[in-house]
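Asks: Can you read through this structure? Questions will come right after.
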Amino acid sequence: MAPDPLSRVFSALADPLRRDMVARLASGDATVNELAAPYDVTLQAVSKHLKVLQEAGLVSRTREAQRRPVHLEAEVFELMTTWIERYRREAEQRYRRLDDVLRSMPHEEGRPS
């Protein structure tokens, strides 16, 4: 069974180098050489990382004359944000219920409230 899109995105972002590339692409498109510059890895390794990001839908490549910039596909983050937000809201609701229970409990003398 093929992984779902959300699993592919989280899997692609599990690697710190790929997360850093995504962060750098957030400020603008870059070529493979530009992306590889700060890392002590080969261009081939960077290309493999980009392939993982591309398969997850996080980046795309275009052609501008001889230049082939890598572009961040920011709309994929909406998928992640929706999933994360759902569970954040559920966790907040649990904490609010816990706060309500704790407030309704009688306070003992000498115990901080």
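The values are calculated or read from the model by the stated rules, or taken from the named source; none is laboratory data. On a predicted model such as this, the values are computed, not experimentally measured, just so you know. Note that each Cβ is placed from the backbone with ideal geometry, even for glycine, and that neighbours are counted across all protein chains shown. What goes into the accessible areas is simple: the full protein's heavy atoms, side chains included, and nothing from ligands, DNA or RNA. Shrake-Rupley method; radii C 1.70, N 1.55, O 1.52, S 1.80 Å.
Asks: Where the accessible area of the chain is counted over protein heavy atoms with a 1.4 Å probe, how much of it, in %, is carbon and sulfur?
Replies: Numbers: 4470 of 8200 Å².
Solvent-exposed carbon and sulfur of the chain make up 55 percent of the total.
Asks: Using the basic label-point model (7 angstrom from Cα toward the beta carbon), what is the Leu98 to Ala23 distance in nanometres?
Replies: Taking the simple label geometry, Leu98 and Ala23 are separated by 2.9 nm.
Asks: How high is the FRET efficiency from Ala14 to His71, r the C-beta distance, R0 22 Å, rounded to 0.05?
Replies: Calculated value: 0.55.
Asks: Further, regarding this structure: Give the calculated FRET efficiency between Gln54 and Arg88 to the nearest 0.05, with a Förster radius of 35 Å applied to their Cβ-Cβ distance.
Replies: The value I calculate is 0.80.
Asks: Right, next: Can you tell me how much longer the chain between Arg61 and Thr42 gets when fully stretched, taken as 0.36 nm per residue apart minus their C-alpha distance, in nm with one decimal?
Replies: Net length gain for the segment: 4.9 nm.
Asks: Sequence-distant or interchain residues sharing an amide H contact under 5 Å with Val59, placed H: which?
Replies: Here Gln54, Glu73 satisfy the definition.
Asks: Whats the longest run of the chain with zero GluC sites (Glu not before Pro) that are DSSP loop and have at most 11 other Cβ atoms within 10 Å? Please report the intermediate quantities before stating the final value.
Replies: Numbers: sites that count: Glu75, Glu108, Glu109.
That gives 1-74 as the longest site-free run.
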